[in-house]
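Report on one structure; see the data block that follows.
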Amino acid sequence: PNDGKSDRIIDHSFDGGYMATRHLIENGHRDIAIIAGDLFKTTAKARFEGFVKAMTEAGLLIREEWICENDFEPEGGYESMNNLLKLDKLPTAVICGCDMMALGAISAITEKGLSVPHDISVIGYDNIHSSRFYAPPLTTVHQSKTRLGQMALDVLLARIQNSEKSHEPKILEFYPELVIRSSVRNLNK
């Protein structure tokens, strides 16, 4: 929360969740599940709300049974995807709250004898270094952690060097970008 005194980082996670969902919709997906992070976390909730907005705008059904909440780890993605795979009706695509969850989801899908993206498309979030080496390479939303870390460190060092002076809180803003790779199938073709 903004207390008016602290520096803040705004990562526009809502926009990233919306962007990921729109990408799937534009590729012909109508049956879309989400494996979100724990929704009490601000970032996970914002990404989920972006998903909801894109689905609602497109007039698509958000199925309660296709909303999974788990931790931001491969095990969370694996467990949630296995729960989705037990359902009678499967989604054609899954949005994961982070790339690590997507790795777990892809493992669960392939263990069931299905393939990504032929049977189920998967999209991640964060664009971690290894996501381009997943099988298949992961479509994801890029957030520059390096740039964020550098800017945060610069602000901290400036605060330390000028500790006697009062300062206006800084706002560091980062905008997500879609990185298209091979894990999303275009159903329009």
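Go ahead and run the numbers for FRET between His167 and Arg132, Cβ-Cβ distance against an R0 of 45 Å, rounding to 0.05. The pair His167/Arg132 has a calculated efficiency of 0.70. Note on Lys112: aspartates and glutamates with a C-alpha under 17 Å away, same-chain residues under 8 apart excluded, are Glu75, Glu79, Asp88. DSSP beta bridges fully contained in the chain are about 15 percent antiparallel.
Taking Ile106, Ile120, Ile35 in turn, the Gaussian network model of the chain (Cα-Cα springs below 10 Å) assigns the largest fluctuation to Ile120. Taking amide H as placed 1.01 Å from N in the peptide plane, the amide H of Leu178 sits under 5 Å from that of His142, each at least 5 places away or on another chain. Per residue, the chain exposes an accessible area of 54 Å² to a 1.4 Å probe, with every protein chain left in place. Across the alpha-carbon atoms of the chain, the computed radius of gyration and Dmax are 18.1, 64 angstrom.
I'd like the FRET efficiency for Arg8 and Glu57, computed as 1/(1 + (r/R0)^6) with the beta carbon distance as r and R0 of 30 Å, rounded to 0.05. Efficiency computed from Cβ-Cβ geometry: 0.60. Rounded to whole numbers, the Karplus 3J(HN,Hα) couplings from phi for segment 146-162 are 5, 5, 4, x, 5, 5, 5, 5, 4, 5, 4, 5, 5, 5, 5, 5, 10 Hz, using 6.51 cos²θ - 1.76 cosθ + 1.60 with θ = phi - 60°, and x at Gly and Pro. Computed over protein heavy atoms with a 1.4 angstrom probe, the accessible surface ordering of Lys45, Lys189, Lys145, Lys5, largest first, is Lys189, Lys5, Lys145, Lys45.
For Lys41, nonlocal amide neighbours, meaning residues 5 or more places apart or on other chains whose placed amide H falls under 5 Å from its own, do not occur.
The values are calculated or read from the model by the stated rules, or taken from the named source; none is laboratory data. From a predicted model like this one, the values you see are computed outputs, not experimental measurements. Cβ sites come from the backbone with ideal geometry, for glycine too, and all protein chains shown count toward neighbours. For accessibility, only protein heavy atoms count, side chains too; no ligands or nucleic acids. Shrake-Rupley method; radii C 1.70, N 1.55, O 1.52, S 1.80 Å.
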